[in-house]
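Bear in mind these aren't lab numbers, they're just calculated from the coordinates by the rules spelled out. Here the structure is a predicted model, which is why all the values come from computation and not from measurement. FYI the Cβ positions are ideal-geometry reconstructions off the backbone, even for glycines, and counts take in every protein chain you see.
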Amino acid sequence: MQQANLQVTTLTAVARDRWNTFVSTWPHFALMQTYEWGEFKEASGWRVTRVGIEQEGQLVAGAQLLIKPLPLHMASIAYIPRGPLLDWRDEAMASLLLDRLHEIARDQRATMLKIEPPMLRMSEAEKLLQSYGFSSSEHTNQPLCTMIVDITPDTDTILANMHKTTRYNIRYSARKGVKIREGDEADLPTVYRLLEATAERSGFPARAFDYYQQEWRALVQDGLVKLLLASYDDEVIAFRMPAAFGGKAATLHSGSLGAYFKLKPNDLLMWKSIEWAKEQECTSYDVWGITEEVGKLVSQGEPIPQDGKGGLWGVYYFKRGFGGEVVYYVGAYDFTYSPLLHRLMDTGLGYLGSVDRLAKMTDRWVR
């Protein structure tokens, strides 16, 4: 299948390194498009297809498409996290890739194709996505807004660029006796208890234990993740799991016991995560999610309040102390195949809050 010297291809296991090399060239944290992430999702009940566009033998665009069958296999969810990876301004390339993705999704009885491309929220990006038949969706799975810390300087300079309170908290936590150690799979039950405690306190969904275990096994074998545990008086009180791929790093998961907040273990863990990312020769660290209100204010050139309350404002004030730059993504966009089923799906997502929550619900019925 040829168009303007472009060729569509499906990449199998033998092309694992080739696929990951292509994904690593993109300027954002692209873990969710790696081969390893696809293997993890397959272990979690998703069907995975990697579609690429070649030009003169080189991959120039692609997408890792995830398909989750719904109960009775009457329909499915089609989802591309942090993708597709392509230049949307190249109409020939985009059309060729999207046509193949739509073909696969329809064949799997998808009600819609949900994408969350790594595009900044600008009117040009929104118009481009709409020109290919996508419509904006309020139901997102990946963070809409985040902060990315430049970690190319030496560690002393990175510390100097942080807020003075954050620097103090890092040293205070260590001085008060909080110890950081590397964890392994034997620590995952402890990590899960911290995740459940944090989920209950903050209102985000915690998946089943085997979800995190499968994720760990898929990513740790190639050194893509690190488990850091903070303990006090021999009790694990917090953890952070940073991930690194393609020279970019991000927090994948974190959790803590609220009773030990005053010891500031999360400040120390974030700093140790940044240090680990530098050891992996990463140039940036994504703190992974702040309140969308900050993104809206920055995009409109408005000042950010110092006393925001509720929601993720507390998370923002914590994370901004590490000196990152606000990044506001275009968000989720849907291409509808079945309007009626899409409306029903949207109703379910509106109730459950995210694709992950919906997938969690279907875990009980679909294997």
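Only Cα pairs under 8 Å and 6+ residues apart enter the sum, and on that basis the relative contact order of segment 1-108 stands at 25 percent. Between SER136 and THR21, the simple spin-label model (points 7 angstrom out along Cα→Cβ) gives 4.0 nm. On the basis of the beta-carbon distance and an R0 of 45 Å, GLU196 and GLU56 show a calculated FRET efficiency of 0.35.
Toward the positive end of the charge dipole of segment 54-127, with +1 on the Cβ of Lys and Arg and -1 on the Cβ of Asp and Glu, the farthest Cα among ILE80, ALA110, ALA61 is that of ALA110.
Ordering SER254, SER137, VAL287 by Cα displacement along the dipole of the chain toward the positive end leaves SER254 in first place; charges were set at the Cβ atoms of Lys, Arg (+1) and Asp, Glu (-1).
Only Cα pairs under 8 Å and at least 6 apart count here; give the relative contact order of the chain as a rounded whole percent.
On the way: 648 pairs, mean separation 84.2, N = 367.
Relative contact order, the chain: 23 percent.
Remark: the chain carries a charge dipole of roughly 860 debye about the Cα centre, counting +1 on each Lys and Arg Cβ and -1 on each Asp and Glu Cβ. By definition, a body whose alpha carbon gyration tensor gives a ≥ b ≥ c is rounded when a/c is under 1.5, and segment 145-328 falls into this rounded group. Between segment 26-47 and segment 82-110, the C-alpha centres lie 17 angstrom from each other. Let me make sure I get this right: for segment 187-284, a, b and c are the square roots of the gyration tensor eigenvalues over alpha carbons, sorted descending. Under 1.5 in a/c it's rounded, otherwise prolate if a/b > b/c, else oblate. Which is it? The shape class here is oblate. Among 82-90, 299-307, the peptide with the highest mean count of other Cβ atoms within 10 Å heads the list, and the full ranking is 82-90, 299-307.
Given the pairs LYS41/LYS114; LYS272/LYS319; LYS179/LYS319; LYS264/LYS309, which span a C-alpha to C-alpha distance of over 18 angstrom in this model?
LYS179/LYS319; LYS264/LYS309
Please compute the length gained on full extension between GLN280 and ILE304, using 0.36 nm multiplied by the number of residues separating them and subtracting their Cα-Cα distance. Numbers along the way, then the final one.
Working: separation 24, 0.36 × 24 = 8.64 nm, distance 3.30 nm.
Value of the extension gain: 5.3 nm.
Taking 0.36 nm per residue of sequence separation and removing the Cα-Cα distance, the HIS73/ARG89 pair yields an extension gain of 2.2 nm. The modelled label-to-label distance for the pair ASP156/PHE204, using points 7 Å beyond Cα in the direction of Cβ, is 3.5 nm. Over the chain, DSSP H runs of length four or greater, each weighted -39,500 (n - 2.57), average out per residue to a 222 nm ellipticity of -11500 deg cm²/dmol. Protection proxy ranking, highest mean first, for peptides 49-62, 157-170, 27-40: 27-40, 49-62, 157-170, where packing is the per-residue count of other beta-carbon atoms within 10 Å, averaged.
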